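Presented below is the structure to which this report refers.
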Amino acid sequence: MNKPAPQITPTGRPNPVDIVRASLKRRYARERRFRWLGATAVLIGLLCVVLLFADIILKGYTAFQQTYIRLPIALEAESIDPEGTGARAAIEDADYLALIRNALFELFPEVRDRQERRLLTSIVSVGAPNLVREYVLAHPDRIGTTQEIWVPATADIDMLMKGHINRDLPEAERRVKDQTLGWIDRLAAEGRIAKRFNTPFFVNGTSREPELAGIAGALMGSFYTLLLTLILSFPIGVGAAIYLEEFAPRNRWTDLIEININNLAAVPSIVFGLLGLAVFIGFFGMPRSTPLVGALVLTLMTLPTIIIASRAALKSVPPSIREAALGVGASSLQTQFHHVLPLAMPGMLTGTIIGMAQALGETAPLLMIGMIAFIVDIPQGFTDMATVLPVQIYLWADSPERGFVERTSAAIMVLLAFLFAMNLAAVLLRRRFERRW
Amino acid sequence: MNTMVETMNRVTDALSAVELAQERAFCQTVGDFTVPNPRMTCRDVEVWYGPKQAIRRVNLDIGRNEVLSMIGPSGCGKSTFLRCLNRMNDTIPGCRVTGSIKLDGQDIYDKKLDPVLLRARVGMVFQKPNPFPKSIYENVAYGPRIHGLTNSKAELDELVETSLRKAGLWDEVKDRLDQPGTGLSGGQQQRLCIARTIAVAPDVILMDEPCSALDPIATAIIEELIDELRANYSIVIVTHSMQQAARVSQRTAYFHLGDLIEVGETNQIFTNPQHKLTEDYITGRFG
Ligand SMILES: Nc1ncnc2c1ncn2[C@@H]1O[C@H](COP(=O)(O)OP(=O)(O)OP(=O)(O)O)[C@@H](O)[C@H]1O
Ligand SMILES: [Mg+2]
């Protein structure tokens, strides 16, 4: 670089323009370096997210399909409804497993041995009789005919069809034996085996059998818990923030409260679980394992986050707006609700959504209050026994069956979808409030 | 080493100068601060920001149907004093006001007097324009609405229009009343704030440099408005423009470092100031 020599001005000092020009190159270089660093950081972050998502999706997408077997089931009137009354109770009590077994033996007449017949029966899920029962209840007029009904295969067959079981392994090391393989291949050749959309995953509660286990119970549990958490923590948090920021006198008590709120935000969440167990369940006698107690515990946990974020949002509202409102004779409350709150709302919503996202992913405190229980029924309200998504993921991840591996990943996807839905709602809400004039 | 000692000396000098200034004897106001039948009376008003005193023993009356202008160098406490008159200082933590300020004979710092009512009667236009982040219409309509001054939408529309007209803003905004008030230019915003204040029809209007962001035409409109408002209201205006003070006000008060130095007829203050400090300020030797 041929740097022009600094011109000397009449005052004997170098021309300021030259000094500035000389420093420009260095300044721009620094700026470029900084921008590069930032871009790298963002890239690394993105890469991690992509890796995580790719891993979860690759492992989990198969869970959205389930292997079904089509069986020609003879819905004999004499075994389903021997008296011919058509009464619901009679139809419900019938032995559908026997019908399924008969259908299988019909398809494989050469299987006669008891042991082999039991093996043959086991290719169908233990939930299959239920399915047939529901089918018959829905179509009672079809009793006495033979119907082709798709019933779920057992988890091992499902894994086999999804390629998770290696056929080339020696038989002793394989969960699906050669004989079963033969049956499956024959069924497949006859077009009696297919992978279909896994509706049960979205409508069932959990189960010991992977092919029957669904996410609906945990999803509804999370929904009720979070709904109640939001209902409790948002008004309380915002109210506390407004009081502390705008109305409370500045004295030793409010200082103490402020310090404690900041401390609470840093308390490990499991401590809140212990507190909930001791206070809500032990002292108040609330029902354990319920969204009610879960929400109370999570409210305690998210309150500090919401209060701190809301106070920051209130602080960022320019004081001139308050003065303007007070100046035309608005009362303190009117000033707050008409002018300060609308401006602070986006920040408050951001704090709330961060708190809610934390609450959605929280496991530890909920374990303490019994939301880890094995609950098959889908909760119908705040006081039904329930579990939540992260706990369900933890439970499934802990299960040895291969079928639960893909379901764990699928459950994580559902959790993430829940989170995205929540964030989207918050962003839309915030945009409404953010019509900053 | 030498320079350090020098700096130290300079610092101690400065400190003692500050102390001296603080202990300076109370300065007796020159001129007659009373008026017959006053709207507001201020006696022995002192204001502290924490330990720092900003206003020292000020006695001043504000008459009916008069414009009182307050002049003085920057930082002398004009805004502080003005904000005492509608208890706007209540909102500043650590700010303390003593003495008595009466509005129509009633002490405004009395526990029984509601500051909300006071601020409806003593309106204020702030030094920096501060429109609400709402529509132009809402800005003006807000005060009347919360006080319930109008009975119908039509009445409110009319009040908004007359207020905006008086503030000389109507022609510029009549087609965009639903646009944000913060989208106006600085001068327009200030006129919007004036319209907002007069829409509540207060008894006293406090104006803190209302024209500092306005061009000569808008300034003339505001000055005309002030003159017009005088028929029904008392107006206290802080200004840095002595021409403006001379044009709009009947009485003028000169502040200096928290003291009310001199108060009197505007004519007399500008033509025949009694106090040395006033004279220096007016003739431009100070400030
Ligand atoms: N909120 C505050 N906290 C502490 N000190 C303050 C505060 N507001 C004003 N002061 C001090 O009080 C003194 C008077 O300030 P004030 O704003 O009344 O001056 P002013 O006469 O209005 O000046 P200007 O003409 O520049 O507006 C100044 O020394 C200022 O630093
Ligand atoms: Mg000022």
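The values are calculated or read from the model by the stated rules, or taken from the named source; none is laboratory data. All of these numbers come straight from a predicted model, not from anything done at the bench. Note that we place each Cβ from the backbone using ideal geometry, even for glycine, and neighbour counts take in every protein chain shown. Quick note on the areas: whole protein, heavy atoms, side chains included, nothing else; ligands and nucleic acids left out. Shrake-Rupley method; radii C 1.70, N 1.55, O 1.52, S 1.80 Å.
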Contacts under 7 angstrom Cβ, first residue in segment B:127-146 being under 12 Å from B:ALA195 (Cβ atoms) and open to solvent by 20 Å² or more (accessible area, probe 1.4 Å), partner within 16 Å of ligand 2 (Cβ to nearest atom) and not in a helix (DSSP H, G or I), 6 or more apart: B:PRO129/B:ALA213
Count of segment B:92-108 residues which are surrounded by fewer than 17 Cβ atoms within 10 Å (Cβ to Cβ) and either outside any strand (DSSP E or B) or facing chain A (nearest Cβ under 9 Å) (or both): 5
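Against the condition surrounded by fewer than 23 Cβ atoms within 10 Å (Cβ to Cβ) and out of contact with any Phe, Trp or Tyr (no Cβ under 9 Å at 6 or more places or on another chain), how does A:GLY285 come out, does it pass? Give the steps one after another, and end with the answer.
Working: surrounded by fewer than 23 Cβ atoms within 10 Å (Cβ to Cβ): yes; out of contact with any Phe, Trp or Tyr (no Cβ under 9 Å at 6 or more places or on another chain): yes.
Yes: the conditions hold for A:GLY285.
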Residue that is farthest from the chain's Cα centre (by Cα), among those in segment B:190-214 that are within 16 Å of ligand 1 (Cβ to nearest atom) and open to solvent by 40 Å² or more (accessible area, probe 1.4 Å): B:ALA213
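Considering every residue within segment B:82-90, establish whether at least one is among the aliphatic types (A, V, I, L, M), out of contact with any helix residue (DSSP H, G or I) (no Cβ under 6 Å at 6 or more places or on another chain), within 12 Å of ligand 1 (Cβ to nearest atom) and touching a residue at least 60 places away in the same chain (Cβ under 8 Å). Walk me through how you get there before you give the answer.
Step one: of segment B:82-90, the residues among the aliphatic types (A, V, I, L, M) are B:82, B:85, B:88.
Imposing the further condition that a residue be out of contact with any helix residue (DSSP H, G or I) (no Cβ under 6 Å at 6 or more places or on another chain) reduces the set to B:82, B:85, B:88.
Filter once more, keeping what is within 12 Å of ligand 1 (Cβ to nearest atom): B:82, B:88.
From the residues that got through so far, the ones that are touching a residue at least 60 places away in the same chain (Cβ under 8 Å) too are B:82.
Yes, some residue in segment B:82-90 is among the aliphatic types (A, V, I, L, M), out of contact with any helix residue (DSSP H, G or I) (no Cβ under 6 Å at 6 or more places or on another chain), within 12 Å of ligand 1 (Cβ to nearest atom) and touching a residue at least 60 places away in the same chain (Cβ under 8 Å).
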Some residue of segment B:98-117 being under 26 Å from B:LEU257 (Cβ atoms), more than 15 Å from the chain's Cα centre (by Cα) and within 13 Å of ligand 1 (Cβ to nearest atom): no
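Would you mind listing the helices (runs of 4 or more DSSP H) fully within segment A:70-114 where at least 2 residues are assigned by TED's automatic domain parsing to the domain that holds A:ILE157 and more than 38 Å from the chain's Cα centre (by Cα)? Working first, answer last.
On the way: elements: A:77-80, A:88-93, A:96-107.
Correct list: A:77-80, A:96-107.
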Flag if A:ILE236 is among the β-branched types (Val, Ile, Thr), open to solvent by 80 Å² or more (accessible area, probe 1.4 Å) and in contact (Cβ under 8 Å) with a residue 60 or more places away in the chain: yes
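Here is a yes/no grid of residues against (1) more than 17 Å from A:LEU131 (Cα to Cα); (2) among the β-branched types (Val, Ile, Thr):
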site: A:ARG33; (1), (2): yes, no
site: A:ILE69; (1), (2): no, yes
site: A:ASP93; (1), (2): no, no
site: A:ARG117; (1), (2): yes, no
The one condition in (1) open to solvent by 10 Å² or more (accessible area, probe 1.4 Å); (2) within 14 Å of chain A (Cβ to nearest Cβ) that B:GLU223 fails to fulfil: (2)
Any hit, segment B:171-189, residues being open to solvent by 10 Å² or more (accessible area, probe 1.4 Å), within 12 Å of chain A (Cβ to nearest Cβ) and under 21 Å from the mean Cα position of the chain (by Cα): yes
Residue among B:GLY72, B:GLY77, B:GLY123 that is crowded, with 20+ Cβ neighbours inside 10 Å, under 18 Å from B:CYS211 (Cα atoms) and within 13 Å of ligand 2 (Cβ to nearest atom): B:GLY72
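Report, by residue number, each residue of segment B:91-126 that is among the hydrophobic types (A, V, I, L, M, F, W, C) and in contact (Cβ under 8 Å) with a residue 12 or more places away in the chain. Give the derivation first.
First pass over segment B:91-126, keeping only residues among the hydrophobic types (A, V, I, L, M, F, W, C): B:92, B:95, B:97, B:101, B:103, B:108, B:113, B:116-118, B:120, B:122, B:124-126.
Of everything in segment B:91-126, those that are among the hydrophobic types (A, V, I, L, M, F, W, C) and in contact (Cβ under 8 Å) with a residue 12 or more places away in the chain turn out to be B:ILE92, B:CYS95, B:VAL97, B:ILE101, B:LEU103, B:ILE108, B:LEU118, B:ALA120, B:VAL122, B:MET124, B:VAL125, B:PHE126.
Quick grid of which residues meet (1) within 14 Å of chain B (Cβ to nearest Cβ); (2) open to solvent by 20 Å² or more (accessible area, probe 1.4 Å):
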{"residue": "A:THR335", "(1), (2)": "yes, no"}
{"residue": "A:ALA344", "(1), (2)": "yes, no"}
{"residue": "A:THR350", "(1), (2)": "no, yes"}
{"residue": "A:MET356", "(1), (2)": "no, no"}
{"residue": "A:ALA359", "(1), (2)": "no, no"}
{"residue": "A:ALA373", "(1), (2)": "no, yes"}
{"residue": "A:ASP377", "(1), (2)": "no, yes"}
{"residue": "A:GLN380", "(1), (2)": "no, yes"}
{"residue": "A:MET385", "(1), (2)": "no, yes"}
